[in-house]
Amino acid sequence: FNSLFQLIMRVAILDLGTNTFNILVSETSPDNRLVVIYTSKEPVKLGKEGIHKGFITEEAMERGFAAIEKLIEKSRVYKPEKIYAFATSAIRSAKNGNEFTDSVFNSTGIKVQVIKGEEEARLICLGVRDCVQIKDEPVLIMDIGGGSTEFIVTDKNKIYARHSFNIG
């Protein structure tokens, strides 16, 4: 009887990268699979003029805030119950990254989780495994981003090695 009333939750995920901010709205299906409802992205160039100096410029912050507002507005059409946000290399490496995440929280109420490079690599692996059929033998996954590059050695079940380099 309880299986007839499975909880279906719709969430939005913000991915705050160095060059692009992405949003994905998804929900769980009755058979517990993830169903993508909507995706969109906005160019931000968060690292422009400052990434090699270890900070986010004021202009880049403004582009980032505008992109977040636009993506959140687009996602509201799909009525997510919760919005999660994750930041990667540019915000993780910037001396003023906390200033950016604090401003996002103060203006939207969304707490941005800044993830470490090794966690970014793990999440990349899970995403690739979900989209590509990986077999029993190890493969190399490489993700070249705007601020970091991740290398992951994995098979369909196990991650053997992962590393994030601050090269994008």
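The values are calculated or read from the model by the stated rules, or taken from the named source; none is laboratory data. All values derive from a computational prediction rather than experimental measurement. Neighbour counts run over all protein chains shown; Cβ positions are idealised from the backbone, glycine included. Heavy atoms of the whole protein, side chains included, go into the accessibility calculation; ligands, DNA and RNA do not. Shrake-Rupley method; radii C 1.70, N 1.55, O 1.52, S 1.80 Å.
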Checklist entry - Can you list the lysines whose alpha carbon sits under 22 Å from that of Lys95, skipping same-chain ones fewer than 8 residues off? => result Lys45, Lys48, Lys53, Lys111, Lys116
Checklist entry - For the pair Val139 and Thr28, how long in nm is the line joining their label points, each one 7 Å along Cα→Cβ? => result 2.7
Checklist outcome for this item: Note to self, the chain gives a 222 nm [θ] from helices alone (DSSP H runs n ≥ 4, -39500 (n - 2.57) apiece, / all residues, nearest 500) of -9500 deg cm²/dmol
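Counting Lys +1, Arg +1, Asp -1, Glu -1, what net charge surrounds Ala12 among other residues with beta carbon under 15 Å of its beta carbon?
Numbers: positive: Arg10, Lys41, Lys70, Lys74, Arg76, Lys79, Lys82, Lys111; negative: Asp15, Glu27, Glu42, Glu69, Glu73, Glu81.
Here the count lands on +2.
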Item to check | Accessible area in the full protein assembly, largest first, 1.4 Å probe, for Leu140, Leu16, Leu123 | outcome: Leu140, Leu123, Leu16
Next on the checklist: With a 1.4 Å probe and all protein chains left in place, how much accessible area per residue does the range 20-78 have, in Å²?
Outcome noted: 60
Checklist entry - Antiparallel as a % of all DSSP beta bridges within the chain, to the nearest 5? => result 75
Checklist entry - What accessible surface, in Å², does a 1.4 Å probe find on Lys45, ignoring ligands, DNA and RNA and rounding to the nearest 10? => result 120
Checklist entry - How much net charge surrounds Glu137 when only the other residues with a Cβ under 10 Å from the Cβ of Glu137 are counted, with Lys and Arg +1 and Asp and Glu -1? => result 0
Next on the checklist: Just checking my list [x] 1, 7, 12, 14, 10, 8, 6, 5, 4, 3, 3, 3, 3, 3, 3, 2, 2, 2, 2, 1, 1, 1, 0, 0, 0; [y] 1, 7, 13, 15, 14, 12, 8, 6, 4, 4, 3, 3, 3, 2, 2, 1, 1, 0, 0; [z] 2, 8, 16, 18, 17, 16, 12, 7, 3, 1, 0, 0 against P(r) over Cα pairs in 5 Å bins from 0, in percent computed from this structure; which label fits?
Outcome noted: [z]
Item to check | Computed accessible area, Phe65, all protein chains, 1.4 angstrom probe, square angstrom | outcome: 50
Item to check | Per-residue ³J(HN,Hα) for the range 18-29, Karplus 6.51 cos²θ - 1.76 cosθ + 1.60, θ = phi - 60°, Hz, x for Gly and Pro | outcome: 6, 9, 9, 9, 10, 10, 9, 10, 9, 9, 7, 8
Checklist outcome for this item: Env charge @ Ala85, Cβ radius under 11 Å, K,R +1 / D,E -1, value +1
Item to check | Accessible surface of the chain [probe 1.4 Å, protein heavy atoms]: carbon and sulfur percent | outcome: 54
